[in-house]
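The structure under discussion appears below in the form of structure tokens.
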Amino acid sequence: MKALLKTAAVVMAFAGPAFAGGHETWKTVGDESLIAFGSIKKNTVGEVHTFDGLSGSVNEKGAVSLAIELSSVETNIDIRNERMIEHVFKAADAVAELKGEIDFDEVHDLEIGATTVVDFEGTLGLAGVSADVEAELFVARLSEDRVLVTTSDMIMLSTADLGIDAGVDKLMELASLPGITRVTPVSVRMVFEK
């Protein structure tokens, strides 16, 4: 799940193409930005979950900073939301942070209506655990002041890399489940404005 957060953060980072050449800071548009991740329980039941508590920015030097409010997790089952916050994320105020840098060369001249695919590398920090993040992102220049960034392909993240396996074990115990997958598919949709 936390892997999702990483991915989402990565996607947002690529919004930088829109402000190449300027001195503005591009910021996320909260109600239009979302991270989705999937899980499979009992080997046969697939579900989609989301985070919508996202905030971040990209500055004119390409520095990316993203925060994901883990309490914004939505699994469509209230008790499961509560259990994830308590046992997987460890606190109601827990935040995952993504830091990285963007190279604007590939998207510097992206015109309104044009798209491109870019690579991103960064680091995601969560509850004292730091993990490298890589993703291929699809970037669309919506207007002079708006950029859409999404995952180009499905991103698969490991719960072990994020240090949350013990929390997933606890979820299995509480829900009397024989298994929950430890690799999570993640997709990201982020809109940035300057």
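The values are calculated or read from the model by the stated rules, or taken from the named source; none is laboratory data. Computed from a predicted model, the values in this text were never measured in an experiment. Counting neighbours? That spans all protein chains shown, and the Cβs are built from the backbone with ideal geometry, glycine included. To get the accessible areas, we keep the full protein, side chains included, count just its heavy atoms, and leave off ligands, DNA and RNA. Shrake-Rupley method; radii C 1.70, N 1.55, O 1.52, S 1.80 Å.
The residue among N81, S57, G100 whose Cα reaches farthest toward the positive pole of the charge dipole of segment 51-106, with charges on the beta-carbon of Lys, Arg, Asp and Glu, is N81.
By accessible area, using a 1.4 Å probe on protein heavy atoms only, segment 21-75 has 46% of its surface on carbon and sulfur. Rounded to the nearest Å, what's the spacing between the alpha carbon centres of segment 132-194 and segment 35-61? Just the number, please. Distance between centres, Cα-based: 4 Å. When you filter the GluC sites (Glu not before Pro) in segment 121-194 for DSSP loop state and at most 13 other Cβ atoms inside 10 Å of their Cβ, you are left with E144. Computed from point charges on the beta carbon alone (+1 for Lys and Arg, -1 for Asp and Glu), the dipole magnitude for segment 148-194 about its Cα centre is near 160 Debye. Accessible area of K99 (1.4 Å probe, protein heavy atoms only, ligands and nucleic acids ignored): about 110 Å². Stretched out straight at 0.36 nm per residue, the stretch from E121 to E134 would grow longer than its current Cα-Cα span by 4.2 nm. In terms of distances greater than 26 angstrom between alpha carbons, the cross-link table entries K61/K194; K61/K90; K99/K170; K27/K90 yield K61/K90; K99/K170; K27/K90. Averaged over its residues, segment 85-194 has an accessible area of 52 Å² per residue, based on protein heavy atoms and a 1.4 Å probe. How much solvent-accessible surface does E97 expose, in Å² to the nearest 10, with a 1.4 Å probe and all protein chains in place? E97 exposes around 100 Å² with every protein chain in place.
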